[in-house]
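> Below is a structure I'd like to ask you about.
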Amino acid sequence: MMTTWTSNELTKIGRAEELQIASTRPDGTLRPYVTVWTVQAGDDLYVRSAYGSTNPWFVRAQASGTGRIRAGGLERDVTFAEVGATVQAAIDAAYHAKYDRYGPQIVGSVVGPRAHPVTIRLLPR
């Protein structure tokens, strides 16, 4: 089982403006893809739910624990993992660096203490 991203994958996915994410259904099929923002912090990739913990894609991702992503010309099966508190500031900084040009109201939906609990670490599998 692969649990780390290659440098090429980190670069391509981390630089992609958007990421498409789909969670796995109980029967193993994929749900429809949803487009979200993604950032790289250190050697990991992260996504956050802009609309909180009740956002349907986030609820399904949390329940399934696995899915597939598409970004930067790559497509990978992933595990959705929890995120420790110590990396949240770096993830906030990565979102600001990548997306601040969209304005504080939009970026504000994915940074700060309200966004921390709805952060998912993407692990290749």
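> Could you tell me the center-to-center distance, by alpha carbons, between the stretch 54-125 and the stretch 1-40 in angstrom?
10 Å
> If each DSSP helix of 4+ residues adds -39,500 (n - 2.57) and the sum is divided by the residues in the chain, what number results at 222 nm, nearest 500 deg cm²/dmol?
Calculated at 222 nm, the ellipticity per residue is -7500 deg cm²/dmol.
Rule-based calculations on the coordinates, nothing more; no lab input. Computed from a predicted structure; not experimentally measured.
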